[in-house]
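Heads up: the structure comes next, in structure tokens.
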Amino acid sequence: MGGGDPWAAPWTPKAPAQEARLAAMPQETPDSRLKIFSGTANRPLAQEIASYLGVDLGKVLIKRFADGEIYVQLQESVRGCDVFLVQPTCSPVNENLMELFIMIDACRRASARSITVVIPYFGYARADRKAQGREAITAKLAANLLTEAGSDRVIVCDMHSAQALGYFDIPVDHIYGQPVILDYLASKTISKDLVVVSPDVGGVVRARAFAKKLSDAPLAIVDKRRQGHNLSEVMHLIGDVKGKVAIMVDDMIDTAGTITSGAALLKQEGAEAVYACCTHAVLSPPAIERLSGGIFEEVIVTNSILLPEDKCFPQLTVLSMANLVAETIWHVHRDGSVSSIFQ
């Protein structure tokens, strides 16, 4: 059971049927009031989303001046249109975030009817509270800036903590990458004796929901004590993993310190194999060395963040979340229920 296809088969929503959706559009042209634009952070994902919806990706000129300033010009009309801007705020975080602000402003000044920012990965989401005195709550600041720039709605995927959704003063649709990963796991011939593991206490709710949908698998928890930013120390395991296949679930993998330390503990406790699953593959150094060291049978992530070739390794499987995001965009555009996609 080695690493899968780096670009595995995309998740296909059960409802609404694509044929029914397309039948509701005018026969001669796709919905002309739906416009999708992409920043420079993850254009391949935006292109997949546009292709699924049967529309062309909007034309936009984005360049940087010699001093680093960003220039954005929409190269087609958006007057009276519902505009969706696809831009994960991954590394370089500040560059991508500023680029998104300027795109929003360009759409607002071009008389777009509505502006929805689609953020597959929301940078600064981890700074969602004051853990110590005199700290900034950057998640709230980023939410305020998106609102002040002129966005009318936000679509985000797997925020680090649900409380950060309350920082926005505009509507937010929170979607999950779980269906994409669950469908992939269901297609694999993995032993039925599974256990879902949360790499820390804070991820128990996420892991419990994942386990329930994975044939109501048992749950285990790695209890750790964090020593500092990007540093953690595994303490002990809550639950039984002996002789079982462990599925570790988290929202993101950054330096991979937490999840690899947890995986080592699971192996010590007798786990037969360990799989790592997350929505956002941040993969800051030394994540690649840790994840490719042989402790994981497979590392399963989505393409919410565009991964360059130097961040790919044999155990890595990247699943496309384009269909999931595209269906969410369609429901928002048609004033439909987003939660119905996940039911």
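Here are the numbers:
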| quantity | calculated |
| --- | --- |
| Accessible surface of the chain, 1.4 Å probe, proportion on carbon and sulfur as whole % | 51 percent |
| Extension gain, SER32 back to ALA264 (0.36 nm per residue minus Cα-Cα distance, nm) | 78.2 nm |
| Backbone N under 15 Å from the ASP105 label point (7 Å along Cα→Cβ), restricted to the stretch 132-176 | 145-151 |
| Accessible surface, per residue, of the stretch 252-343 when the full set of protein chains is kept, probe 1.4 Å, Å² | 34 Å² |
| Reachable lysines, given that their alpha-carbon falls under 19 Å from the alpha-carbon of LYS212 and they are not under 8 places away in the same chain | LYS188, LYS192, LYS244 |
| DSSP-assigned coil residues among trypsin sites (Lys or Arg not before Pro) in the stretch 125-179, each with at most 16 further Cβ atoms within 10 Å | ARG129, LYS130, ARG134 |
| Of [x] 169; [y] 159; [z] 141, the label for volume of the Cα convex hull per residue in Å³ derived from the coordinates | [z] |
| Residue-span extension gain [SER340 to LYS213] - 0.36 nm each, minus C-alpha spacing | 44.1 nm |
| Net dipole in debye of the stretch 34-183 [+1 Lys, Arg Cβ; -1 Asp, Glu Cβ; about Cα centre; nearest 20] | 240 debye |
| Heavy atoms of GLU148 accessible to a 1.4 Å probe, total area in Å² rounded to 10 | 150 Å² |
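The values are calculated or read from the model by the stated rules, or taken from the named source; none is laboratory data. Keep in mind that this is a model prediction, so the values were computed, not measured. We place every Cβ from the backbone using ideal geometry, glycine too, and count neighbours over all the protein chains shown. These accessible areas exclude ligands, DNA and RNA; they are computed on the full protein's heavy atoms, side chains included. Shrake-Rupley method; radii C 1.70, N 1.55, O 1.52, S 1.80 Å.
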